[in-house]
Every structure is written in C-alpha cells, then in structure tokens.
1. Under 15 Å from the 7 Å Cα→Cβ point of Gln68, by amide nitrogen: which residues of region 14-43?
2. Please state the Cα pair-distance histogram of region 160-312 with 5 angstrom bins from zero: what percent is in each bin?
3. Go through Phe280, Phe137 and list them by solvent-accessible area, largest first, probe radius 1.4 Å.
4. Using a Gaussian network model of the chain whose springs link C-alpha atoms within less than 10 Å, name the residue from Trp66, Trp311, Trp338 with the highest mean-square fluctuation.
5. Using a 10 angstrom cutoff on alpha carbons, build the Gaussian network for the chain and name the most mobile of Asp57, Asp229, Asp134.
6. Net charge near Arg93: determine it from the other residues with C-beta under 14 Å of the C-beta of Arg93, scoring Lys and Arg +1 and Asp and Glu -1.
7. Amide H neighbours of Phe333 under 5 Å, at least 5 residues apart or on other chains, H built in the peptide plane: list them.
8. Mean-square fluctuation check for the chain, GNM, Cα pairs under 10 Å: which of Val174, Val195, Val108 is largest?
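The values are calculated or read from the model by the stated rules, or taken from the named source; none is laboratory data. Since this is a predicted model, take the numbers as computed values, not measurements. Cβ placement follows ideal geometry from the backbone for every residue including glycine, while neighbour counts extend to all protein chains displayed. SASA here: full protein model, heavy atoms, side chains in, ligands and nucleic acids out. Shrake-Rupley method; radii C 1.70, N 1.55, O 1.52, S 1.80 Å.
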Amino acid sequence: MATYNRVSMTATAVRTMRALAKTRPAPGAELVQRPVPRPGPGEVLLEMQPASICGTDLHLYEWDSWAQDVLTPPTILGHELAGRVVEAGAGVRRVREGDLVGVESHLVDWSCTQCRTGSPHLCRNLRVIGAHVDGGFAEYVVIPETNAIESNGLDPAVVALQEPMGNAVHAAFVEPIEGRTVAVTGCGPIGLCAVGIARAAGAALVIATDTEPYRLELARTMGADLALDALDPETPGRISSATAGDGVEVVLEMSGAAPALDQALEMVTRGGRISLLGIFGEPVTIDLSEQVIQKGLRLYGIYGRRIYDTWERTQALLRSGTLDVTPIITHRFDLADWERAFELIASRHAGKVVLLP
C-alpha cells in the first residue's frame with residue numbers, strides 16, 4: 001500500500017503533462033503541455049501505459065467531414081489505452097491504486113431507454129473518450145471507474161488492444177461461427193483481430209481479403225486459410241471454389257469500402273449473414289430485392305462493444321491461450337514521435353501502432 005501511496009503522491013505533484021491534442025479545426029495535431037487532471041467522485045486518474053492509434057484518430061487528424069461533425073477542439077486524442085491507477089476519487093471501490101486497467105471508451109448515461117434495456121453501447125447520449133472528452137494520448141487521463149476494465153494479467157499493449165478487438169468480438173459473435181465458413185473483408189487491425197477470433201472460435205474456413213500485401217501477410221499469420229487480393233479478378237472464383245460453389249456463411253465487413261460490401265454481398269451464401277462494422281465515408285447503393293431479400297440474408301449493424309459482455313468474451317479468448325494478438329502490434333513509438341506513428345498508419349503498412357509515454 002505504501003508503494004501505491006507514493007505513486008499517487010508523485011502523480012498529483014506533477015503540475016503539467018505532455019498530451020497530443022487537436023488544438024484547432026484544421027488538419028493536424030500538436031504535442032502540448034496540459035495540467036494533470038484530478039479525479040472527481042467515482043473517477044480514477046490513470047498514468048498512461050501503451051495507447052494505440054485507431055483509424056478514427058487518423059480521421060480526426062486529417063479533419064475530414066466526419067471528424068468535423070464529431071470533435072470540437074481543443075481535445076486530447078486517443079481512446080485505445082491501458083493505464084495504471086494512480087489516484088482514486090471519492091466513492092471508488094472496485095479498482096485500486098496500482099491496478100493496470102483497460103478502458104471502455106464509450107461514456108454512457110445509464111438512464112436512456114437503450115441503457116435501461118441492456119444496450120448501453122447504443123446509448124442515446126453517447127460520448128467517446130478522445131473525441132467528445134479528453135483522451136488517452138497523454139501522460140495522465142481521468143475516466144469513470146465504470147469504464148476501467150481489470151487487466152487480469154494481460155500484457156499492457158494487449159490490454160490497450162482489447163478496445164478495438166472488442167469490436168471484432170461483437171461482430172463475430174452476434175451469431176455462432178463455430179464450424180462455419182467465414183470471410184473477413186478488410187485487414188486493418190480490427191479485421192486482423194477478426195481473423196484470429198474466427199480461427200480461435202473453430203470456424204471451418206477463414207478467408208481474408210484486402211488490397212495491401214503487407215496486411216494479407218499479417219492475415220495469414222493470424223490464421224487465415226486464404227488471404228486474397230480484393231482487387232484480383234480471380235478472387236471471387238477462388239472463394240467460390242473454396243466453398244464448393246456455395247459461398248461463405250458469414251462475412252465480417254471491416255473496411256467501410258463500397259467495393260468490399262459489393263464483394264461481401266456476392267460471396268455470401270443464401271441464408272447467410274453479414275456483420276457490418278466498417279464505417280462508410282459516403283452512402284452506398286445495394287439492390288435490396290436481389291442481393292438481400294431474395295437471398296434471405298441477415299445484415300447486422302455493429303457499433304462498439306456490448307458493455308460488459310463483449311469485454312468478458314474478449315478476455316476469455318485472450319486468457320485461454322487460443323488467441324495470440326501480439327503479431328498485430330507491429331510498431332511502438334514514444335509519444336514525442338507521434339508524427340512518425342501517424343504517417344505509418346496512413347501508409348497502411350502497419351498493423352497496430354502503439355504510443356508509449
């Protein structure tokens with residue numbers, strides 16, 4: 001306990017901290033000095049451990065039309081993080097100073113109809129850490145205790161990765177996938193997690209598609225039986241041959257690219273299902289009569305993680321030893337080198353890129 005008290009005293013003595021913030025409504029970000037926040041009732045102060053960069057962070061950095069509707073500068077970025085509790089506000093009971101925790105990035109009101117009926121991830125008044133409130137690309141961050149997820153002995157970088165991995169767990173398990181043929185379209189970090197999840201869950205065949213050879217190689221590492229170039233005109237035929245002409249039973253669409261959705265609708269078997277996680281930058285057009293209704297498809301819109309069911313499933317997979325996500329974590333940078341890290345993410349020649357304090 002004395003060690004934890006010393007950590008807490010050190011944290012509170014620090015007057016300022018480094019933080020990567022969106023400081024103005026324009027492309028870019030800035031490494032700034034900010035006051036160290038203090039936890040209020042029901043909150044904890046975390047000292048940043050690994051924090052990983054998400055595609056959402058890249059959108060906010062580039063300041064596209066979606067980002068302009070989401071974030072109001074100045075705001076500290078970052079929502080995929082692990083942190084060590086260094087101070088607890090009044091009323092905190094579950095986590096203790098010194099605990100390493102992951103973070104559920106969605107802040108919910110716990111009072112709207114969605115929250116009260118078991119779907120807080122769809123909260124009507126949802127706010128997101130690192131977009132609507134200050135996030136984790138900083139030396140310290142304050143979060144509600146309800147958003148702190150025990151690490152249960154996991155590696156700190158894996159603790160941070162649970163947040164995006166949870167999206168893939170949610171997408172994969174809205175229906176059973178054991179013994180099914182599964183295709184993952186889009187092999188960014190969440191898609192790569194989905195490949196590993198399908199493999200660990202006992203899928204009969206796992207197919208991955210992407211346009212980047214680097215990512216396709218990572219998909220093979222994560223257990224894909226077939227890793228195919230989405231732009232190759234022979235890819236639809238190879239998928240048909242691999243499934244005896246039936247098509248795949250489950251598609252996990254992770255890219256948010258209209259051509260990938262077209263391919264998903266083409267490759268899925270009659271009576272199959274598609275989980276849609278990727279966010280599309282523009283409206284897409286599909287023939288509902290021919291491509292969905294007459295094929296008897298089930299389309300699931302996937303947003304975030306089911307709180308807290310998905311976290312329990314995610315940790316069970318990781319702790320069982322059936323799923324190793326460390327190959328997805330390909331690069332680590334000091335927070336001061338954030339520009340190099342963002343350039344790497346934009347190049348698409350990386351898996352998950354981690355920032356360290």
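1. Backbone N within reach: 24-28.
2. Going out from 0 Å in 5 Å bins, region 160-312 shows 2, 10, 21, 25, 23, 13, 5, 1, 0 percent.
3. Ranked from most to least accessible, the order is Phe280, Phe137.
4. Of the options given, Trp66 has the highest mean-square fluctuation.
5. In the Gaussian network model the winner is Asp229.
6. Taking every Cβ under 14 Å from that of Arg93, the sum is -3.
7. Val354, Leu355, Leu356
8. The residue that fluctuates most here is Val174.
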